[in-house]
Amino acid sequence: MNLTLRIWRQRSPEDKGSMVTYRVEDVSPEMSFLEMLDVLNEDLILRGEEPVAFDHDCREGICGACGMVINGQAHGPERTTTCQLHMRHFSDGDTIDIEPWRASAFPVVKDLVVDRSAFDRVIQAGGYITAPTGSAPDAHATAVPKAAADYAFEHAECIGCGACVAACPNGSAMLFTSAKINHLNVLPQGAPERESRVLDMVSAMDEEGFGGCTNTGECTLACPKGIPLQSIADMNREFLRASTKRGR
Amino acid sequence: MAGTGVIMLLFLVVHMLGNLKIFFGAAEFNSYAGWLRTIGEPVLHNSWYLWVQRFVLVVCVVLHAITAYQLSRRDRAARPQRYQHRPPARASYATHTMRWGGVILGLFIIWHILDLTTLTVNPLGQAHHPYENVVADFRVWWVNIIYIVAMLALGLHIRHGFWSAAQTIGANNRGRDRSLKVVANVLAVALTAGFIVVPVAVMTGVVS
Amino acid sequence: MTSYLSYEVGEPVVDRKAPDGPIAERWNRRRFEAKLVNPANRRKHTVIVVGTGLAGGSAGATLAEQGYRVVQFCYQDSPRRAHSIAAQGGINAAKNYRNDGDSVHRLFYDTVKGGDFRSRESNVHRLAEASVEIIDQCVAQGVPFAREYGGLLDTRSFGGVQVSRTFYARGQTGQQLLLGAYQALSRQIDAGNVELHARTEMLDLIVVDGRARGIVARDLVTGEISVHLADAVVLASGGYGNVFYLSTNAKGSNATAIWRAHRRGAYFGNPCFTQIHPTCIPRSGDHQSKLTLMSESLRNDGRIWVPKAKGDTRPPNEIPEDERDYYLERIYPAFGNLVPRDIASRAAKNVCDSGHGVGPGGQGVYLDFADAIARMGRDKVAEKYGNLFEMYERITAEDPYTRPMRIYPAVHYTMGGLWVDYDLSTSVPGLFAIGEANFSDHGANRLGASALMQGLADGYFVLPATINDYLATAKLASVERSHPAVDAAVSEVDDRLRRLLAVDGDRTPDSFHRELGELMWDLCGMARTDAGLRKALGRIPELREEFWRRVKVPGTGAELNQSLEKANRVADFLELAELMCLDALHRAESCGGHFREESQSADGEAVRDDENFSYVAAWEFTSAGSAPVLHKEDLSFEYVHPTQRSYA
Ligand SMILES: Cc1cc2nc3c(=O)[nH]c(=O)nc-3n(C[C@H](O)[C@H](O)[C@H](O)COP(=O)(O)OP(=O)(O)OC[C@H]3O[C@@H](n4cnc5c(N)ncnc54)[C@H](O)[C@@H]3O)c2cc1C
Ligand code: HEM
Ligand code: HEM
Ligand code: SF4
Ligand code: F3S
Ligand code: FES
């Protein structure tokens, strides 16, 4: 099939940037979205133009590197990562708009590449359990109820892609932050730092310039890992609990 | 936000029930309005309770509006550049209805107070005769429109707002999500309907 | 070309750090004998760690915890994205929680045997010992391993071993373990003990007075070339399977860090040992950019077959039972579909090469769940494999519940890597290599769920113990930025980038990578022959020459330039590929993942030649395109006696 692409091109963070139109031909429905862009890029290189920069690595939906807003939707029309989106979800003659994640906490680096290091700093603020190497008790010393283990796992699945922020009309990082807090706070191993974790991570999140949550729910619809919206409520509960506890 | 919203919500439930007394006739409704002013007696002086309530409500509306404004500003700053391709509205209609619905409600409240509390804009404007004032109101077609539009905005605001408040204060969780949404819908419909029957009743002549 | 083939055999290399005595006590002894650095002095030592995967992430966090100043690098935008994240299956540990007869010794035994007797006993035993501590460590960090209803850890059996020793977190074990390490590292970054440089690629090693003293790196966003000096350098940059272009590795996985170190004097161990995984989703066309693994656990319930007739294009469901060839069950009645990876892969290649393959280009075999669904019910199958089926369907748009999956082998893991001694030190003092980047403890073939174990053992437990000894004993003078060796390294890096940009030819970097990959897959892939390898050794230098004449890299070096990154990596692959072929050619035996067609039994099984090849091949670089020097490290087996593997 043949497609028209309108892609956000921006040379550098200072550059203003604009949408540029390209044609790609002979796209096979078996291609992934990124493979379709590869074809475009090979063509651009041979024409002496700069290829479109985009982040990607594993190309199997787990590293969280890839991500672009396709026709206004983070990661495109399917609930998956961009690298796992296949061209069979488009049809011949389509025009596809491709833009970077938009949020002031995720400044554009170049074209479709954005700087997501704000996420790393949110994790650095408390998204861990302090367990120095070598000091661990036997793994079976503390049983973890299966329900808690499953809950922890489901939240730990977050790949840090940032689609939630890109999709949220407020550029809020609540879903991402809640996923990590819930993962660790439900485990007995995470209990000693339960209060400081949520307070510190939420304040780090605010400092990074993410927007507030007005419970819109777009984030969860864009999340390739299906982190549920109630995850945010669970974090809010942890936050209130920690605030009152610390208040005392 | 959630706290002020919920306080206002509680007030509205009571207010709606009170309004329904209109179906029992002028005497009963007016005496209910009179009773409102005697709550707390003899501990409180006449109308003191009402003033306390008014104070609380004003504080709530103002705080609610201020936080809504601040939040919206922060949210705009967090997404300074919009997408060229407008995202299809999936869930975000809620945010739009909340913001615009809230503004409509704010304007309505001002109108409503001028209308039925201070009686400034009321077609009849007879002090201590709320029943008659209400009936006079809803004989005018455009007043009906103001009220009905406001009630619909209220319904939408509560439909999302109630669930949203539960989410914000962490009262929601996976098991509860559905029932909360049901309760929100029931509340929204009940309040909207409960308020709307009054103008409708006046229009159709059930209450006169 | 002939000059490259006429390599010399140099002095044997010996692992001087390996302690002797009873195997179960060696690691403890080494740990005790290793010198320590006074905690108060550790802050004065800087250690560079390249890579933030399981190996690098765990090492960085642990060294920082011990008090060293750590400077760490990864090419991705966040340390959490290292390719360890993609590991699906699980991690082995000799916990014996199931009381099914597992033990450190059994894990040790299985690993030495699984590696087809081309690994060191001492190392493997240490690995098995550390495995136990790894699970404790990860659980304490909050890694959400699968649990049973009683709240205790669940395990499964994996890769044809008879005990249930594989710990897992659904199909995302690597992700969960990596996030554990990433979180530990994040804590140290926040505490100011680790200075992290993401989106920064190591492009050269700085060697001063024979010791590794730093690296030259390029900031991938600004293009700035920077120098980082240190007391020791640790490479944890992962495997080099991407030489083959199509592999299960991440697109950015590269050999640059280890290849540059090799060029600066670090020996390369067993470069030809690559693992080909039997159950990957076949390619769907020429546009294919990488291959996706389907967990090996599918072979527990799926049956593998091809049509008996050549070139049969009927849909699988229309092929009657008696016209199907369940070839693994036929050839290996005892193990059937569960034979080890290398054997399953080779068998699939053989049936496809003889014209029985299915799907586009005949490069696939069926993995059929019809019987499993009939036996266990669709729900049970969905519960066990649902997420894998979903992934398959997303990629192929075929429903594996109603139509057999198509699978084909793909390059997956490299057992070869920088040669290291028992202390994980390379042949350049001060340069350490851990994780998949070293020629590892897996010999000629890695068992499933053992790479995660090795990466974490190296990073959490082994390196932090052994590096102390180096830092405590090496008398290190301070090195200035102005040192001539530093300048030389920087200008070499500069020159090379400039040259890449200056060629301005007519072929893309990817087109060279693709061509090299095809060549390697055909001639140095699942089955290798003397003639094929010679052919490859003839072709690679030509391709390399063409690359430097015709490659086209748009843009400049002073910005984010993904074509430049790519071209720079392909240039290294073009050198490494040659060494892989030479190693494969010189090792005229079949062992583990290395199958030489000349060395097989009458019924097509790999035949080892212990007499002549019971050694590690450690290659020393001389100059680009010239013959390297071969150093042999003899292997001896005291506890597990070499036998010919047999699965028939
Ligand atoms: C799809 C797949 C599934 C697997 N499943 C399993 C399994 O179930 N069980 C198992 O035991 N093993 C499995 N393996 C193998 C295992 O995952 C890897 O061997 C292991 O994770 C490698 O870890 P590492 O830390 O050595 O390297 P990686 O995780 O690859 O990390 C490499 C790091 O080095 C950095 N880097 C690389 N080059 C440079 C450079 N030049 N400059 C700066 N930084 C650089 C990268 O940014 C990255 O941080 C699997 C492998 C794959 C590909
Ligand atoms: C008197 C009637 C009102 C009631 C009962 C009410 C109730 C609520 C509730 C319960 C919420 C959810 C709070 C949360 O999730 O944190 C809410 C949110 C909000 N309200 Fe109101 N509110 C009323 C009036 C107003 C007014 C007058 C405004 C306008 C200034 C307004 C604007 C908003 C906004 C902008 C939000 C946030 C949007 C969101 O959470 O998605 N509301 N309201
Ligand atoms: C058809 C619908 C409604 C009717 C008939 C109605 C009627 C009245 C009447 C008669 C009063 C005066 C009471 C008194 O002073 O004794 C009043 C007061 C008030 N109403 Fe309503 N109301 C309606 C809807 C609403 C709605 C939707 C809101 C809020 C969003 C609202 C908020 C108020 C407030 C804040 C007061 C002032 C209370 C006070 O004076 O302390 N009303 N209403
Ligand atoms: S919560 Fe979902 S959308 Fe957000 S970063 Fe994590 S995986 Fe991506
Ligand atoms: S879309 Fe945004 S507003 Fe909250 S619910 Fe999700 S973060
Ligand atoms: S490239 Fe890794 S998730 Fe898409």
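The values are calculated or read from the model by the stated rules, or taken from the named source; none is laboratory data. Small disclaimer: the values here were computed from a predicted structure and weren't measured. As a convention, Cβ positions derive from the backbone with ideal geometry for all residues, glycine included, and neighbour counts pool all protein chains shown.
Of note:
- Within segment C:561-596, the residues that satisfy the criterion of being closer than 24 Å to C:Pro340 by Cβ and not in a helix (DSSP H, G or I) are C:Arg587, C:Ala588, C:Glu589, C:Ser590, C:Cys591, C:Gly592, C:Gly593, C:His594, C:Phe595, C:Arg596.
- Complete set of residues in segment C:371-385 that are touching a residue at least 60 places away in the same chain (Cβ under 8 Å) and surrounded by fewer than 16 Cβ atoms within 10 Å (Cβ to Cβ): C:Asp371, C:Met376
- Tally of residues being more than 16 Å from ligand 6 (Cβ to nearest atom), modelled with pLDDT of 95 or more and either surrounded by fewer than 24 Cβ atoms within 10 Å (Cβ to Cβ) or on the phi > 0 side of the Ramachandran plot (or both) across segment A:158-179: 1
- Meets criteria (farther than 19 Å from C:Arg341 by Cα, charged (D, E, K, R) and crowded, with 22+ Cβ neighbours inside 10 Å) for C:Asp204: yes
- Residue in segment C:128-142 that is surrounded by fewer than 24 Cβ atoms within 10 Å (Cβ to Cβ), within 23 Å of the chain's Cα centre (by Cα), farther than 30 Å from C:Asp301 by Cα and more than 9 Å from chain A (Cβ to nearest Cβ) present: yes
- Residues of segment A:205-247 that turn out to be closer than 25 Å to B:Ala77 by Cα and either assigned by TED's automatic domain parsing to the domain that holds A:Cys83 or more than 16 Å from ligand 5 (Cβ to nearest atom) (or both), as a count: 1
- Per-region count, segment C:173-220, residues in contact with a Phe, Trp or Tyr (Cβ under 7 Å, 6 or more places away or on another chain), among the hydrophobic types (A, V, I, L, M, F, W, C) and over 20 Å from A:Pro132 (Cα atoms): 3
- Criterion: surrounded by fewer than 20 Cβ atoms within 10 Å (Cβ to Cβ) and of a type in the set (Phe, Trp, Tyr) - qualifying residue of C:Tyr109, C:Tyr68, C:Tyr75: C:Tyr109
- Qualifying residue in segment A:213-221 (condition: at positive phi and surrounded by fewer than 24 Cβ atoms within 10 Å (Cβ to Cβ)): yes
- Residue that is surrounded by the most Cβ atoms within 10 Å (Cβ to Cβ) [pool: residues in segment A:141-157 that are more than 16 Å from ligand 6 (Cβ to nearest atom) and in a loop (DSSP other than H, G, I, E, B)]: A:Val144
- Answer residue from segment A:104-115, given it is within 14 Å of chain B (Cβ to nearest Cβ) and under 12 Å from the mean Cα position of the chain (by Cα) and is nearest to A:Cys164 (Cα to Cα) among those: A:Phe106
- Among the residues of segment A:39-96, those identified as within 14 Å of chain B (Cβ to nearest Cβ), free of Cβ contacts under 8 Å to residues at least 40 places away in the same chain and not in a strand (DSSP E or B) are A:Asn71, A:Gly72, A:Pro77, A:Glu78.
- Extreme residue, nearest to ligand 1 (Cβ to nearest atom), among residues of segment B:94-124 that are within 14 Å of chain A (Cβ to nearest Cβ) and among the hydrophobic types (A, V, I, L, M, F, W, C): B:Ala94
- Looking at A:Arg197, A:Arg241, just one residue is assigned to a helix (DSSP H, G or I), more than 7 Å from every other protein chain (Cβ to nearest Cβ), basic (Lys, Arg) and surrounded by 22 or more Cβ atoms within 10 Å (Cβ to Cβ), and that residue is A:Arg197.
- Screening the candidates B:Gly101, B:Gly106 for the property of being touching a His at 6+ places or on another chain (Cβ under 7 Å), outside any loop (DSSP other than H, G, I, E, B) and within 13 Å of ligand 3 (Cβ to nearest atom) yields one hit, B:Gly101.
- Odd one out for A:Thr214 among (1) of a type in the set (Val, Ile, Thr); (2) away from ligand 2 (no atom under 16 Å from the Cβ); (3) in contact with a Ser or Thr (Cβ under 6 Å, 6 or more places away or on another chain): (2)
- Checking A:Ser203 against (1) within 25 Å of C:Cys138 (Cβ to Cβ); (2) more than 10 Å from every other protein chain (Cβ to nearest Cβ); (3) not charged (D, E, K, R), the condition it does not meet: (1)
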